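Just below is one structure, and these are the notes that go with it.
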Amino acid sequence: MKYHFVITILGVFFSICTLSAQRTNATVVFKDGTHRAGLIKVVNTDELWFKNSGYAETEVFYFRSIDKILFNSNGEEIEIVRRYLKDSNRGILVERVYHGDVVLYKISNELRIDIPNFKKNNFFQLLGSTLDASSNAYFIGEDDQNTVQYLGQDSWAMTGLRKALKKYLENCPALVEKIKRNEFTEKEVVEIVAFYDEECN
């Protein structure tokens, strides 16, 4: 399906930009409860490279034995896990953004476009020659499951998140009604899932 291609591109972009561009200080938490803190670099959705320090020998860890990766971004702890797309064997690395009976994940995508100045003193030159854009691709799943369902993106070009959430969480009439009345914006994905978890379970 088309969305699988979109998710693959986003997943690769996320891994490269966040954890693969250079070695990142992080804590790897294993499924047996142990953890290792050091420098990591994600190779793909199956393995990562680990060093205790910049001069230590590189070790290879496989995601089948990893529970999660924790690292700090601008003072905020980010939790990365590997999940599988529903009805697919494709593994993706996602950030866990809400954890309850229902779990919400996202892949962040940031884009910077340089706009060339073709003429002197033109409109773009006055505003600046760089356009920054960002969007999040969201996924949802159950707490005890390792699979996730793709919901959509919160970018201006790809909407429909509320519609997807309304369908997924349709067993909560109060939430469905709030979504119908536009009490949640397209970007209030976490708030929608939190309302469901707190009021409908």
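None of the figures in this text is laboratory data; all of them are computed from the coordinates on show. Since the structure is predicted, the reported quantities are computational estimates derived from the model, not experimental observations. All Cβ positions, glycine included, derive from the backbone under ideal geometry; neighbour counts span all protein chains shown.
How much length is gained on full extension from ASP101 to GLU177, taking 0.36 nm per residue of separation minus their Cα-Cα distance?
Taking 0.36 nm per residue and subtracting the Cα distance, the gain is 25.3 nm.
Between CYS200 and TRP49, what FRET efficiency comes out of the Förster formula 1/(1 + (r/R0)^6) with R0 = 45 Å and r the beta carbon distance, rounded to 0.05?
On the way: r = 42 Å, r/R0 = 0.94.
Given R0 = 45 Å and the Cβ-Cβ separation, E is 0.60.
For TYR62 paired with THR147, estimate the spin-label separation in nm (one decimal), with each label point 7 Å from Cα along the Cα-to-Cβ line.
In this crude label model, TYR62 to THR147 measures out at 2.3 nm.
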